[in-house]
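The values are calculated or read from the model by the stated rules, or taken from the named source; none is laboratory data. No experiment lies behind these values; they were computed from the predicted model shown. A quick note on method: Cβ atoms are made from the backbone with ideal geometry, for glycine too, and the neighbour counts reach across all protein chains shown.
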Amino acid sequence: MLKGTGVSAGVGLGKALVLKEQELDWSGVRFAGETAEKQRLAAAAAAVSAKLDAMAAAMAEQVGAHAAEILAGQSMMLADPFMQGQMEEKIAGGATAEAAVDEVCQSFMQMFGAMEDELMRQRATDIGDLRARLLKTLLGIEEADLANAPAGSVLVARDFTPSMTVGIRRENVAGIITEGGGTTSHSAILARALEIPAVLGVPGALAAIATGQAIAMDGERGHVYVEPDERTRKDYEARKAEFEAQRQLLKEYMEKPTVTAEGRPVALYANIGSPKDAEAALEKGAEGVGLFRTEFLFMDRAELPTEEEQLAAYRQVATLFAGKEVVIRTLDVGGDKAIPYLHMEREENPFLGHRAIRYCLDEPETYLVQLRALLRAGADHKNVKIMLPLVTGVEELRAAKALLERAKQQLAAEGLPYDAAAQVGVMIETPAAALAADILAGEAAFFSIGTNDLTQYTLAVDRGNPAVAKLYTPFHPAVLRSIRGVIEAGRAAHIPVGMCGEAAADPALIPLLLAWGLDEFSVSPSAVLATRRIISLWSTADAAFAAGEAMKLSATESIVGCLESLKKR
Ligand code: PEP
Ligand code: MG
């Protein structure tokens, strides 16, 4: 396997077409006199400029204005009087038009290539592209016409230049592999605009790949297989199909609001573990963050993250989602989530042990650091909501609120900005919280149902133990009644109820959640659009019918069968 930087997502399968660089040898050209050379230069510049403009127009039509600007930008560089003046000066000094183009372009390429800024360095590639175009025109060399590349070609080149994009169609080019290039390069932008998977910066690609060889490539991970074996090919075919189905979904549902079939809006948020996930969530159409699992900030390190470190991460997400809600869960340590430097006691039953809110309330100084960071993170956009994990009773909520008050007093005394009105809600993920939801609803600003834990605790089935995995299901009537009860309790108290467990994205469960009036679905970023689509297929009336039928049944298997048969696809 060869590895590079995946810059345009998608899976490419096809046959390699290795693009050899053409010799642009002008050493045999003789000087034809100043006037004649200037005329040759002007004619070549006009021809290249006309071609670039035509390419830009075609590109604008095919993939949009932004990609076209890159080509139009080259045309503008060409028209730059400074660059033209320099070329004419060389000719006046006795250089051929070819020599003038080559020398002036090379000096600009060197200048831009040495700059720190990636965008400036990108200019060097663009000028190199321009140089090649001008020289080819002057020397009468035909452009390689990629429009005639056989269908399913995977282009392999030293660099993927903007002008190579002419003629490239998704139908004939299955992928692009280059030895050079980076993520912000124009080639990457163009590849993404054309929706062609691309892996740039693959060392030795030209030597390792020959025209006609079979290629399987992943434009996200940056993997390239030459002559892949049967298993790899099958795997890549399956992933390609899945990726394309997802992309289709993305196109259709990206811009749509999340509404039921009759137009009732519901909130569709994403679960994240880091600021990086938050970007992915936004790109996948999330309308907010329904669960930020902060424990990942505490893992894979040697000591607690400081208040400033935590603040930076929370604030980044709050800023990214300005104007939208961001629900951040306080440290959910213990159970299956170990943080070695906390030196927590080994326990007989870690899932029933000293974890999450229990641990935090016993370590108030540690917890205060996180609470202060959370309050501060909401200062600018007032969109951070604080959520407590593994709550079993109102005492925990009160104790956490008391600590929050202390944090606010400290921040006020220190003159640090914070959101004094930050809401505090609880995760409903223990049977105790579900059964006492009406009591908790009196003091919590919102609920979010954590079905991953609620299912394990309600059914007494370890969520990670394969021996009992078949017993682990949210479709057990006990879990369903529990979920229904929590939503009813939230509604009665007029507080919003969300769900952030995996079940929120389950197409068989969604109608029940819609029927009972769940306000917010929070799912993994990759499930956002599929969930939006499923929600759009159900009217509240149809959902109520499905829920009514399912809840009449006694056995989990019958419930699953009933919901499968009613499922909308
Ligand atoms: C849950 O328990 O449903 C949940 C969302 O939290 P986690 O999976 O992080 O325990
Ligand atoms: Mg949980």
Scan segment 475-485 and give yes if some residue there is part of a helix (DSSP H, G or I) and within 30 Å of L282 (Cα to Cα), otherwise no.
yes
Any residue in segment 495-508 that is outside any helix (DSSP H, G or I), under 23 Å from the mean Cα position of the chain (by Cα) and either more than 16 Å from ligand 2 (Cβ to nearest atom) or among the hydroxyl-bearing types (S, T, Y) (or both)?
yes
Report yes if L459 is more than 16 Å from ligand 2 (Cβ to nearest atom) and not charged (D, E, K, R), otherwise no.
no
Considering residues of segment 441-466 that are away from ligand 1 (no atom under 14 Å from the Cβ) and at pLDDT below 95 only, the residue surrounded by the most Cβ atoms within 10 Å (Cβ to Cβ):
N465
Within segment 311-332, identify whether any single residue is in contact with a Lys or Arg (Cβ under 7 Å, 6 or more places away or on another chain), modelled with pLDDT of 95 or more and away from ligand 1 (no atom under 16 Å from the Cβ), and answer yes or no.
yes
Exactly one of V326, V391 is touching a residue at least 40 places away in the same chain (Cβ under 8 Å), within 16 Å of ligand 2 (Cβ to nearest atom) and surrounded by 15 or more Cβ atoms within 10 Å (Cβ to Cβ), and that one is V391
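For (1) within 18 Å of C500 (Cβ to Cβ); (2) β-branched (V, I, T); (3) in contact with a strand residue (DSSP E or B) (Cβ under 9 Å, 6 or more places away or on another chain); (4) modelled with pLDDT under 95, each residue gets a yes or a no:
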{"site": "A270", "(1), (2), (3), (4)": "yes, no, yes, no"}
{"site": "G285", "(1), (2), (3), (4)": "yes, no, yes, yes"}
{"site": "L291", "(1), (2), (3), (4)": "yes, no, yes, no"}
{"site": "T294", "(1), (2), (3), (4)": "yes, yes, yes, no"}
{"site": "E347", "(1), (2), (3), (4)": "no, no, yes, yes"}
Subset of segment 41-80 (residues that are without any contact (Cβ under 8 Å) to a residue 12 or more places away in the chain and within 17 Å of I127 (Cβ to Cβ))
M76, D80
Some residue of segment 431-450 being in the same structural domain as A402 (by TED's automatic domain parsing), among the polar types (S, T, N, Q), within 16 Å of ligand 2 (Cβ to nearest atom) and in a strand (DSSP E or B)
yes
Would you say A124 is of a type in the set (A, V, I, L, M, F, W, C) and within 23 Å of K38 (Cα to Cα)?
no
All positions within segment 280-321 that are in a loop (DSSP other than H, G, I, E, B), among the hydrophobic types (A, V, I, L, M, F, W, C) and more than 12 Å from A377 (Cβ to Cβ):
A286, M299, A302, L304
Note on segment 57-69: residues over 13 Å from A193 (Cα atoms) and crowded, with 16+ Cβ neighbours inside 10 Å are none
One residue is enough: does segment 283-302 have a residue meeting the conditions more than 16 Å from ligand 2 (Cβ to nearest atom), over 20 Å from Q370 (Cα atoms) and aliphatic (A, V, I, L, M)?
yes
Under the condition of being surrounded by 14 or more Cβ atoms within 10 Å (Cβ to Cβ) and among the charged types (D, E, K, R), which residue from segment 4-48 is farthest from K234 (Cα to Cα)?
E34
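Quick one: would you say Y341 is more than 14 Å from ligand 1 (Cβ to nearest atom), surrounded by fewer than 15 Cβ atoms within 10 Å (Cβ to Cβ), within 32 Å of the chain's Cα centre (by Cα) and not in a loop (DSSP other than H, G, I, E, B)?
On the way: more than 14 Å from ligand 1 (Cβ to nearest atom): yes; surrounded by fewer than 15 Cβ atoms within 10 Å (Cβ to Cβ): yes; within 32 Å of the chain's Cα centre (by Cα): yes; not in a loop (DSSP other than H, G, I, E, B): yes.
Criteria met by Y341.
One line per residue, one yes/no per condition, for (1) touching a helix residue (DSSP H, G or I) at 6+ places or on another chain (Cβ under 6 Å); (2) of a type in the set (F, W, Y); (3) closer than 18 Å to V479 by Cβ:
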residue	(1), (2), (3)
L397	no, no, no
A400	no, no, no
A407	yes, no, no
Q423	no, no, no
T430	yes, no, yes
Within segment 513-537, take every residue that is without any contact (Cβ under 8 Å) to a residue 40 or more places away in the chain and over 15 Å from I272 (Cβ atoms) and give me the one that is surrounded by the most Cβ atoms within 10 Å (Cβ to Cβ).
L513
In the set A505, A469, A436, A493, the lone residue that is within 14 Å of ligand 1 (Cβ to nearest atom) and surrounded by fewer than 22 Cβ atoms within 10 Å (Cβ to Cβ) is A505
So is A400 at pLDDT 95 or above, away from ligand 1 (no atom under 16 Å from the Cβ), part of a helix (DSSP H, G or I) and hydrophobic (A, V, I, L, M, F, W, C) or not?
yes
Mind checking which residues of segment 374-395 are away from ligand 1 (no atom under 16 Å from the Cβ), over 19 Å from G323 (Cβ atoms) and out of contact with any Phe, Trp or Tyr (no Cβ under 6 Å at 6 or more places or on another chain)?
G393, V394, E395
Go through the residues of segment 412-426 one by one and say whether even a single one is within 16 Å of ligand 1 (Cβ to nearest atom), under 24 Å from G290 (Cβ atoms), at pLDDT 95 or above and outside any helix (DSSP H, G or I).
yes
Subset of segment 344-368 (residues that are within 16 Å of ligand 1 (Cβ to nearest atom) and outside any loop (DSSP other than H, G, I, E, B))
P350, F351, L352, A356, I357, R358, Y359, C360
